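See structure below.
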Amino acid sequence: MKIHEAPRPLHLRVYRALLRVYPRAFRDEYADPIAQLFNDRLRDANRLGGRRAVAAFWAVAAGDLVTNSIKVRFKEMSNVLAMRSTLLVLAGLVYLSMMLVDGALGLLLLLLLVGLAIYQRKTLFASKVSFSPWLVIAAGLIIMTGAFGVLVVPGLSGDVRWGIAPALGIGGLLTTGLGLGLAVWGYASRRP
Amino acid sequence: MQPQLTPLPAAALHILLALGTEERHGYAIMREVEHMTNGATRMGPGTLYTAIQKLLASGLIEESPERPDPILDDERRRYYRVTAAGREVVRSESQRLAALLDRARSQGLATWTRAGVR
């Protein structure tokens, strides 16, 4: 008996295109077997129930694609985001303590930050995570907003230390620039 | 060392049971899961491979170099088999479920029939 019946290239092409909803790391590893499994199941549906079965199978496959890709993305995001958020908060503390409080404390926090970044370098610089630049850009914009706040809200500045606002502004600008750079780099290094 | 993986997610337990003592590829696993649950459990392709990814990462299954399915063989197909740790987890999970079932039966909440549990 010939098991491999006529392939259904259009269905498979569409499904393969839809697999882009998964994160790249997962796609690189599992897109081929998932597409192959889809093709096998589609062949079964077509053989057993014709068009209606194929339509029903598509509904199941599409639902699976949506729910499962959300789960996979959320899992990936929570892992990386947790680490990057920690580092971002720590970086903010370093920055503020150097500007406002005490250089020695800032230096200590900076060492802690660098150590943590080196220890978690694989997660931190995982190029397969595509959303991270937006987090950096958001952080930069928040810092710049902080600079604006220090300048315009008297309650925040107290005895105004004018050095803080420009420093925050420049830091925010640099962070935003870094985020934009990462976004451009991520886009440029994306596989066709 | 016993991994802290119990209670297993239903999909993971189904896959481990579908593999049993054999090497199977994704399609064969999916068909076996449907067969052993009388069609009640149908996993989508993405769900199946996400569960497989977790089981591989946990060391409960592994890729197998054996290619025992001559009908659907294709060099791109990946075959999987249960590891010793996977068998141990299935054993402990089965004991846990059996204890729960005993409890339910002792309270008159479940009875065995030929078709399964009511």
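For segment A:24-34, name all the residues that are within 8 Å of chain B (Cβ to nearest Cβ) and surrounded by fewer than 20 Cβ atoms within 10 Å (Cβ to Cβ).
A:Glu29, A:Asp32, A:Pro33
Which residue, of A:Phe26, A:Phe57, A:Phe74, A:Phe38, is of a type outside the set (Val, Ile, Thr), within 24 Å of B:Met43 (Cα to Cα), modelled with pLDDT of 90 or more and assigned to a helix (DSSP H, G or I)?
Result: A:Phe38 is the single residue among A:Phe26, A:Phe57, A:Phe74, A:Phe38 that is of a type outside the set (Val, Ile, Thr), within 24 Å of B:Met43 (Cα to Cα), modelled with pLDDT of 90 or more and assigned to a helix (DSSP H, G or I).
Do we find a residue being crowded, with 18+ Cβ neighbours inside 10 Å and farther than 19 Å from A:Phe26 by Cα anywhere in segment B:36-43?
No: zero hits.
Kindly establish whether B:Ala85 is surrounded by 14 or more Cβ atoms within 10 Å (Cβ to Cβ), within 14 Å of chain A (Cβ to nearest Cβ) and modelled with pLDDT of 90 or more.
Spelling it out, it is not the case that B:Ala85 is surrounded by 14 or more Cβ atoms within 10 Å (Cβ to Cβ), within 14 Å of chain A (Cβ to nearest Cβ) and modelled with pLDDT of 90 or more.
Does segment A:44-65 hold any residues that are crowded, with 18+ Cβ neighbours inside 10 Å and of a type outside the set (A, V, I, L, M, F, W, C), and which are they?
Hit for segment A:44-65 is A:Asp64, nothing else.
How about segment B:21-44: which of its residues are closer than 14 Å to A:Asp44 by Cα, facing another protein chain (nearest Cβ under 9 Å) and either within 12 Å of the chain's Cα centre (by Cα) or part of a helix (DSSP H, G or I) (or both)?
Those that are closer than 14 Å to A:Asp44 by Cα, facing another protein chain (nearest Cβ under 9 Å) and either within 12 Å of the chain's Cα centre (by Cα) or part of a helix (DSSP H, G or I) (or both): B:Tyr27, B:Met30, B:Arg31.
I need every pair where a residue in segment A:4-25 that is aliphatic (A, V, I, L, M) has its Cβ under 9 Å from the Cβ of a residue that is at pLDDT 85 or above and exposed (fewer than 15 other Cβ atoms within 10 Å of the Cβ), sequence separation at least 6 or different chains.
From residues that are aliphatic (A, V, I, L, M), the pairs are A:Leu18/A:Ala62; A:Val21/A:Val66; A:Val21/A:Ile70.
The values are calculated or read from the model by the stated rules, or taken from the named source; none is laboratory data. On a predicted model such as this, the values are computed, not experimentally measured, just so you know. Glycine also receives a Cβ, built like all others from the backbone with ideal geometry; neighbour counts cover every protein chain displayed.
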